[in-house]
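The values are calculated or read from the model by the stated rules, or taken from the named source; none is laboratory data. This is a predicted model, so every value here is computed, not measured. FYI the Cβ positions are ideal-geometry reconstructions off the backbone, even for glycines, and counts take in every protein chain you see. Quick note on the areas: whole protein, heavy atoms, side chains included, nothing else; ligands and nucleic acids left out. Shrake-Rupley method; radii C 1.70, N 1.55, O 1.52, S 1.80 Å.
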Amino acid sequence: MRLTSSSYLMTPITQTADPAQLAAHATDAAPHHASLHAPPPGATALLIHDLRELFKVKVVALVLVTGWGGFYLGSMHSGISSLQRGLLDALFGIGLVSAGAGALNQCLERTTDALMIRTANRPLASRRVSLGVGIVAGLGALGLGGLWLLLYTNLITVALALLTAFCYVAIYTPLKRVTTLATFIGAFPGAMGPMLGWTAARGRVEWPAVALFAILFVWQFPHFMSIAWLYRADYAKAGIRMLPVVQPDGWSTVVEAIFYAVLMIPVSLAPWYLGMTVAAYPWVATALGLVYLGYTIRFAGILHAETEEQSRMLARDLLKVSVLYLPLLFTTLMLCAKA
């Protein structure tokens, strides 16, 4: 007897059951089948979001952009093209180390993160990701990044990258609940991106690399002060000793921001002093620095703002300008670089 497709698929249940029983059987089986072969709606998007937050992708992106700038300028200093596999190897390793440090930072701060509105939805703070998974992910990314840099760059880059991660995780992170100096200390690992790019290209620390480090180091303070003022209530709730929390009148926050914004102008000209750029660079860098300084001076309006919303607006404007200023300065530096 020839089997049709329908008779071939019949089972003892389907041979004896009536249509109503068949419908019930299909209804019961469908959800079970779906649960085995497809994630619930939204699960994939949530997983991607959690990975992005766990590894602090936005911070990693900033490190990679400045690391690229350092590698490009180091290659120019050597008289070779930066468009080579070495660039990708350096950025991949640096990015992994940075991502691992970000995950370990969240492991240490999961309790304080849960107390702040801004960070309460992070995967470790909200307990969507366990502490064990966070530690394994952080150490895994850190180890793989260090190994990659060892294989494809040089020892000085490996040492600086791992030292940066150690300072960020083991020194800066716990100090945030102890002293306002944590911001100053945290600016050191925060400024290492271009230094790592330079050493990956050149194999040694040189004055031009120090100049790039100094630019990023000084840039951070007006940027940090605007964030600290915006989220000072959150920081106070979590016991993090940011300057606006310890001295809530705002004077010290404004003075520190303006001091470093003024310092930013001569520091941004250091590459020109060292002969790294053509004559057009100092004019553009000075113009950008004056804009940054102008918005920092405007930020001083928090001292006599009539409403909290007005105060927040001034801080938010400085934050946005700081985020635009840095890539514009580095782009100018790269376009004006000379061998």
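Name the long-range amide H neighbours of Met192: under 5 Å, sequence gap of 5 or more, or other chain; modelled H, no Pro or chain starts.
Those qualifying (amide H under 5 Å, at least 5 residues apart or on another chain) number zero.
Report, in whole Å, the centroid distance computed from the Cα atoms of the stretch 70-126 and the stretch 193-269.
Each part reduced to its Cα centre gives a spacing of 17 Å.
How far apart, in nm, are the 7 Å Cα→Cβ label points at Lys320 and Arg118?
Spacing of the two 7 Å Cα→Cβ label points: 1.7 nm.
Expressed as a whole percentage, what fraction of the accessible surface of the stretch 122-236 belongs to carbon and sulfur atoms when a 1.4 Å probe is rolled over the protein heavy atoms?
72
When the chain is fully extended, how far beyond the present Cα-Cα distance does Ala61 get from Arg204, taking 0.36 nm per residue of separation? Kindly include the intermediate steps, with their values, before the conclusion.
Details: separation 143, 0.36 × 143 = 51.48 nm, distance 2.39 nm.
Gain on extension, Ala61 to Arg204, equals 49.1 nm.
Let me check something: with ligands and nucleic acids excluded, how do His77, His49 order by accessible area (1.4 Å probe), largest to smallest? Kindly include the intermediate steps, with their values, before the conclusion.
Numbers: His77 85, His49 50 Å².
From most exposed to least exposed: His77, His49.
Using all C-alpha to C-alpha distances in the stretch 103-175, build P(r) with 5 Å bins and read off the rounded percent in each one.
Computed distribution, short to long bins: 3, 17, 21, 20, 17, 11, 7, 4, 0.
For a distance above 20 Å, tell me the whole-number percent of Cα pairs in the stretch 49-201 that qualify. Please list the in-between numbers first.
Working: 5567 of 11628 pairs.
The answer is 48 percent, as a whole percent.
Can you list residues from other chains, or at least 5 along the same chain, whose modelled amide H is less than 5 Å from the amide H of Met276?
For Met276, no residues qualify.
Going by accessible area, probe 1.4 Å, with all protein chains left in place, what is the ranking of Glu306, Glu256, largest first?
Correct descending sequence by accessible area is Glu306, Glu256.
Along the Cα-to-Cβ line of Glu306, 7 Å from the Cα, sits a label point; which residues in the stretch 238-252 have backbone N less than 14 Å from it?
none
Throw me the Rg/Rh for the chain, computed over C-alpha atoms with Kirkwood Rh, two decimals.
My calculation puts Rg/Rh at 1.16.
Round to the nearest 0.05 the FRET efficiency obtained for Arg85 and Lys237 when R0 = 56 Å and r is the Cβ-Cβ distance.
0.75
Give the accessible surface of the stretch 175-270 per residue, rounded to a whole number of Å², with probe radius 1.4 Å and ligands, DNA and RNA excluded.
Result: 37 Å² of accessible area for each residue.
When the expected Rg is taken as 2.2 N^0.38 Å, what fraction or multiple of it is the alpha-carbon Rg of the stretch 114-225? Intermediate values should be presented prior to the final figure.
Details: Rg = 16.1 Å, N = 112, 2.2 N^0.38 = 13.2 Å.
Normalised by 2.2 N^0.38 Å, the Cα Rg of the stretch 114-225 equals 1.22.
Provide, for the chain, the number of lysine pairs with alpha carbons under 22 Å apart, each pair being eight or more places apart or on different chains.
Pairs that pass both the separation and distance tests number 5.
Report Rg/Rh for the stretch 111-152, rounded to two decimals, where Rg is the Cα radius of gyration and Rh the Kirkwood radius.
Ratio of gyration radius to Kirkwood radius for the stretch 111-152: 1.19.
Using only the heavy atoms of the protein chains and a 1.4 Å probe, how would Val291, Val267 rank by accessible area, largest first?
Val291, Val267
On the full set of protein chains, 1.4 Å probe, figure out the accessible area of Tyr168 and give it in Å² to the nearest 10.
50
Is any helix in the chain, taking whole DSSP H runs, at least 30 angstrom long along its axis by alpha carbon and on average at least 0.5 on the Kyte-Doolittle scale, and which ones? Mind showing how you got there, number by number?
Numbers: long enough: 57-78 (31 Å, 1.17); 85-108 (35 Å, 1.09); 131-152 (31 Å, 1.90); 207-230 (35 Å, 1.49); 308-335 (41 Å, 0.65).
Sorted by number, the helices that extend far enough and score high enough are 57-78, 85-108, 131-152, 207-230, 308-335.
Any idea how far apart Leu155 and Val278 come out in nm if each label point goes 7 Å out from Cα toward Cβ?
Each label point lies 7 Å from its Cα, and together they span 4.0 nm.
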